[in-house]
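Since the structure comes first, as structure tokens, the remarks are kept for the end.
The values are calculated or read from the model by the stated rules, or taken from the named source; none is laboratory data. Since this is a predicted model, take the numbers as computed values, not measurements. Glycine also receives a Cβ, built like all others from the backbone with ideal geometry; neighbour counts cover every protein chain displayed. All accessible areas refer to the heavy atoms of the entire protein, side chains included, with ligands and DNA or RNA removed. Shrake-Rupley method; radii C 1.70, N 1.55, O 1.52, S 1.80 Å.
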Amino acid sequence: MSVRKTKHEMPEQSPTERTKNFKEVPYGYSKEIAIEEAKRCLQCKNKPCMKGCPVEIDIPGFINCIAQGDFEKAAEVIKAKNNLPAISGRVCPYESQCEGECTLKKIGEPVAIGRLERFIADYEREHGKKPPKKPQSTGRNIAVVGSGPAGLTCAGDLARMGHSVTIYEALHDPGGVLMYGIPEFRLPKAIVKSEVEYVKSLGVEINYDVVVGKTVTVHELIEEYDAVFIGTGAGLPNWLNIPGENLDGIYSANEFLTRVNMMKAYRFPEYDTPVKIGKIVVTFGAGNVAMDCARTALRLGAEKSYILYRRTEAEMPARAEEIEHAKQEGVIFKLLTAPIRFIGDEKGILNEVEYLKMQLGEPDESGRRRPVPIPDSEEKLAIDTALVAIGQSPNPLIPQTMKDLNIGKHGNIITDDDGRTSVPGIFAGGDIASGAATVILAMGAGKRAARAIDAYLKNKT
Amino acid sequence: MYPVVEKKVLSENVKLLKIKAPLVAKKALPGQFIILRIDEKGERIPLTIADSDRKEGTITIIFLEVGKTTKQLGTLIVGDSLENFAGPLGLPSEVKKYGTVVCIGGGVGIAPLYPIVKALKEAGNRVISILGAKTADLLLLEEEIHAFSDEFYIATDDGSKGHKGFVSDVLQQVVNKHKIDMVMAIGPIIMMKVVSNLTKKYNIKTLVSLNPIMVDGTGMCGGCRVSVDGKTKFACVDGPEFDGHKVDYDNLMLRNRRFVHAEGEACKLVGAS
């Protein structure tokens with residue numbers, strides 16, 4: 001029997017339909033398609049796909065369960081390693097992780113591992129999640145700061161080891177970037193909440209409105225708890241640092257997305273938080289966050305949504321699927337362009353951006369070819385709204401208030417591979433340690449830190 | 001949930017609420033602010049702390065009803081609760097012995113000035129206070145601030161109490177008479193701008209407390225960015241107090257008008273004018 005060379009397609013809303021709503025774009029696999037797709041897996045003995053998984057899921061194991069139609073068992077296999085599969089099954093960059101290592105790539109497309117993970121997570125949610133077994137209590141207490149992907153993963157894993165875990169969250173909702181950053185049409189908030197409920201069912205408690213560093217300090221937490229994990233993320237937006245950036249009409253990606261996603265400005269005035277979007281919107285940057293901004297702008301009624309990026313498509317850091325979705329929806333890519341200033345009208349309201357044309361030069365330290373300005377190539381574009389999505393830096397609140405913590409030059413907390421900081425008993429992971437990266441890498445860091453915390457507590461008398 | 005334990009109507013559009021929030025009260029220092037959200041559909045708004053009581057575990061906020069959220073906040077009564085109340089946020093005022101300080105409060109800006117006046121007095125400063133409002137009815141915390149002041153002045157736009165005119169007129173007279181070591185000004189942006197322009201001529205250190213539009217209040221969104229000495233600063237984590245001589249007030253006024261249209265729309269829908 002020959003193996004099908006391509007992945008089974010995942011049905012999705014048509015581009016013209018979906019740009020008019022905030023509903024999730026793909027519908028997910030049906031049972032039948034999932035089983036067919038799972039049967040493509042060769043069940044390689046050396047499991048190359050697992051090498052690409054930061055949270056160590058037994059990938060061939062759960063795919064084998066799907067192929068046999070045992071979806072509950074598949075969920076158990078995934079949950080043994082990953083407490084948040086409905087999230088990773090939607091936002092992981094599979095192509096450069098598990099699917100990137102798949103043997104089937106030698107003859108065609110890899111097994112659609114991401115889509116299968118998502119299928120199982122959704123199947124489980126729709127059929128009632130099995131309550132997890134409560135382990136015997138170790139009598140140890142751990143405080144986790146931040147309820148984003150790193151914190152939730154670390155908390156869930158620690159709870160499964162029998163530790164008592166309390167999460168401190170600065171905002172009013174759990175999930176961190178999953179809630180404020182990633183749009184509803186890519187990661188529905190009901191799904192985030194359901195995954196958080198699962199972590200809570202493991203015994204984890206979440207306290208909201210606690211801004212650690214302000215409301216309580218890490219030093220106060222370490223007196224009360226046996227260990228502390230810091231997962232406060234990369235919340236500080238980077239700016240272009242060009243003239244006119246504080247004009248009315250320019251948002252950081254964080255402000256724009258937080259207003260729309262967490263505060264639900266797309267349902268204003270039913271919800272109180274407004275967002276103002278013009279007819280012509282330009283997003284600067286080409287990562288996942290930039291794609292989220294450009295696509296959100298279309299859904300809010302922008303007539304034209306541009307992405308301005310100083311390199312070419314080959315260097316774009318966004319997931320392939322995000323770029324593809326953005327193109328289908330009509331986002332216009334202006335590549336090899338770098339903004340040099342924003343221009344406002346007499347009232348200070350943004351109405352133009354001036355940019356330079358670029359060409360690619362020699363590779364830089366990231367290995368990508370460095371964009372070099374073409375002299376005298378200035379051009380202007382009339383715009384109403386600008387969204388700056390060129391990355392985030394680690395949130396400074398905790399580093400500012402802890403003099404004894406070793407901090408890197410980018411404001412990140414310095415840790416070893418397992419999240420140990422320079423202070424015994426204090427661990428950190430996710431974007432606060434690595435600088436801005438992906439959800440799944442933060443989850444992997446949370447997982448490793450949970451193991452390191454467990455080991456630390458076993459040695460602590 | 002954070003219950004309202006006391007309410008006072010200070011004038012037609014200015015209300016005082018005392019909120020039970022023990023964790024915030026335990027840490028609150030003069031100059032800091034909180035972010036609140038009334039209910040699950042509400043927006044997050046920052047308000048500077050007007051008073052705090054560690055023993056009671058309460059924070060007092062005083063606000064002018066200007067938009068939908070503050071109007072709704074004004075309808076709450078004792079026994080109602082706020083969905084969210086986070087803080088204390090921002091850096092506290094730098095309270096130390098300067099010598100002679102002038103504390104200027106305009107309108108609802110008088111409220112956050114009060115804990116600073118108290119702290120500066122307790123730190124051994126000679127405190128001269130100047131309060132300003134459109135009319136005498138809108139003056140806040142007169143007696144409270146007077147009690148901690150060595151000299152005390154009032155200015156009203158209509159002359160219904162104290163000097164007829166602006167706080168800056170009174171400040172000019174004070175500056176003519178005394179050697180001033182520091183000026184603290186909290187109030188409408190235009191007032192802080194005028195005060196800063198005046199003190200700049202005499203090279204008097206001046207601090208102003210800014211209240212731009214915020215969302216999270218933790219340094220994440222950058223909505224509250226202000227230009228200080230040509231550099232972009234976030235009022236939520238770098239402020240809210242800044243060197244008054246270095247703030248770009250015009251840009252701040254512009255940025256605070258960003259959602260005026262939407263605010264009007266939201267108010268209309270709930271029947272608030």
Item checked: Dipole of the stretch A:131-216, positive direction: furthest Cα of A:Y180, A:P131, A:A150, with charges on the beta-carbon -> A:P131
Note to self: Restricting the calculation to Cα positions, tell me the Rg (one decimal) and the Dmax (whole number) of the stretch A:342-394 in Å.
What the structure shows: 14.9, 43
Note to self: Below 8 Å, C-alpha to C-alpha, sequence gap of six or more: please give me the relative contact order for chain B in percent.
What the structure shows: 17
Item checked: Charge dipole magnitude, Cβ of K and R +1, D and E -1 - the stretch A:1-128, Cα centre, debye nearest 20 -> 340
Check: Out of residues 5 or more away from A:I250 or on other chains, whose amide H comes under 5 Å of its own, with H placed 1.01 Å from N in the peptide plane?
Finding: A:A386
Check: Per residue, how much accessible area does the stretch A:71-181 show when a 1.4 Å probe rolls over the protein heavy atoms, in square angstrom?
Finding: 34
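Strictly over 21 Å apart at the Cα level, which of A:K347/A:K380; A:K264/B:K233; B:K193/B:K233 would you flag in this model?
Checking Cα-Cα distances, A:K264/B:K233 exceed 21 Å.
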Next item on the list: State the antiparallel share, in %, of DSSP beta bridges confined to the protein assembly as shown, rounding to the nearest 5.
Entry: 50
Margin query: Explain nothing, just the number: dipole magnitude of the protein assembly as shown about its Cα centre with +1 on each Lys and Arg Cβ and -1 on each Asp and Glu Cβ, in debye rounded to the nearest 20.
Written below: 780
Note to self: No partner Cβ under 4.7 angstrom, meaning no disulfide-compatible partner by this rule: which Cys of chain A qualify?
What the structure shows: A:C41, A:C44, A:C53, A:C65, A:C92, A:C102, A:C154, A:C293
Check: What list of ³J(HN,Hα) values in whole Hz, one per residue of the stretch A:153-161 in order, does the Karplus curve 6.51 cos²θ - 1.76 cosθ + 1.60 (θ = phi - 60°) give from phi, with Gly and Pro shown as x?
Finding: 5, 4, 4, x, 5, 5, 5, 5, 8
Notebook entry, point to check: GluC sites (Glu not before Pro), restricted to the stretch A:227-272: which are DSSP loop and have at most 11 other Cβ atoms within 10 Å?
Noted result: A:E270
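Rounded to the nearest 0.05, what FRET efficiency do A:D70 and A:S30 have when you use their Cβ-Cβ distance and R0 = 22 Å?
Using R0 = 22 Å, I get an efficiency of 0.85.
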Next item on the list: Quick one: which residues, 5+ away or cross-chain, put their amide H under 5 Å from the amide H of B:V247? H built at 1.01 Å from N.
Entry: B:D229
Margin query: Could you give the length gained by full extension between A:N241 and A:H127, i.e. 0.36 nm per residue of separation minus their alpha carbon distance, to one decimal place?
Written below: 36.0 nm
Checklist line | Cα-based reach from B:K97 at 12 Å (exclusive), listing aspartates and glutamates while leaving out same-chain residues under 8 positions away | finding: B:E122, B:D181
Next item on the list: Kindly report the accessible area of the stretch A:213-291 per residue (heavy atoms of protein chains, probe 1.4 Å, no ligands, DNA or RNA), in Å².
Entry: 28
Next item on the list: Considering the options A:G61, A:A234, A:P396, tell which one lies farthest towards the positive end of the dipole of chain A, charges being +1 on Lys and Arg and -1 on Asp and Glu at the Cβ, about the Cα centre.
Entry: A:G61
Item checked: Where Rh is the Kirkwood radius over Cα pairs, Rg/Rh for the stretch A:293-383 -> 1.01
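Ignoring ligands, DNA and RNA, what percent of the accessible area of the stretch B:3-136 is carbon or sulfur (1.4 Å)? Don't jump to the answer; show the numbers that get you there.
Numbers: 2510 of 4730 Å².
Here carbon and sulfur together make up 53 percent of the probe-accessible area.
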Check: At a 1.4 Å probe, what is the % contribution of carbon and sulfur to the accessible area of chain A?
Finding: 50
Notebook entry, point to check: Each residue of the stretch A:444-450 in order: what ³J(HN,Hα) in whole Hz does its phi give by Karplus 6.51 cos²θ - 1.76 cosθ + 1.60, θ = phi - 60°, with x for Gly and Pro?
Noted result: x, 5, x, 5, 5, 5, 4
Checklist line | Kirkwood-based Rg to Rh ratio, the stretch B:214-273, C-alpha trace | finding: 1.09
Note to self: Run the simple label-point estimate for A:A190 and A:I107 please: 7 Å along Cα→C-beta, distance reported in nm.
What the structure shows: 4.0
Checklist line | Partners for A:K45 among lysines (Cα-Cα distance below 19 Å; same-chain residues under 8 apart left out) | finding: A:K105, A:K106
Item checked: Modelled FRET efficiency - R0 45 Å, B:E143 with B:K205, Cβ distances, 0.05 increments -> 0.95
Note to self: Quick check for you: with a 1.4 Å probe and neighbouring chains kept, what is the accessible area per residue of the stretch B:123-273, in Å²?
What the structure shows: 43
Notebook entry, point to check: How far apart, in nm, are the 7 Å Cα→Cβ label points at B:D250 and A:E17?
Noted result: 5.2
Check: Under the Karplus relation 6.51 cos²θ - 1.76 cosθ + 1.60, θ = phi - 60°, what is the ordered set of whole-Hz ³J(HN,Hα) values for the stretch A:236-245, x standing for Gly and Pro?
Finding: 8, x, 8, 10, 6, 6, 10, x, x, 5
Item checked: Expected 222 nm ellipticity per residue - DSSP helices of 4 or more, -39500 (n - 2.57), all of the protein assembly as shown, to 500 -> -8500 deg cm²/dmol
Checklist line | Mean shadow area of chain A over all directions, Cα convex hull, nm² | finding: 23.7
Check: To the nearest 100 Å², how much accessible surface do chains A and B hide from each other in total, with a 1.4 Å probe?
Finding: 3700
Notebook entry, point to check: Taking amide hydrogens as modeled 1.01 Å from N in the peptide plane, which residues meet the under 5 Å criterion relative to B:I154, leaving out close sequence neighbours?
Noted result: B:L131, B:H163
Check: Do you know which residues of the stretch A:230-259 lose at least 30 square angstrom of accessible area in the protein assembly compared with their chain on its own, with a 1.4 angstrom probe?
Finding: A:L236, A:W239, A:N246, A:D248, A:E255, A:T258, A:R259
Next item on the list: Report in % the part of the accessible area of the stretch B:172-273 that belongs to carbon and sulfur, leaving out ligands and nucleic acids; probe 1.4 Å.
Entry: 52
Notebook entry, point to check: Which FRET efficiency value, to the nearest 0.05, is calculated for A:N459 and A:K51 with the Förster distance at 25 angstrom and r the Cβ-Cβ distance?
Noted result: 0.25
Notebook entry, point to check: Measuring from label point to label point, each 7 Å out along Cα→Cβ, what is the B:K8 to A:K327 span in nm?
Noted result: 6.5
Margin query: Out of all DSSP beta bridges in chain B, what portion is antiparallel? Express it as a percent rounded to 5.
Written below: 60
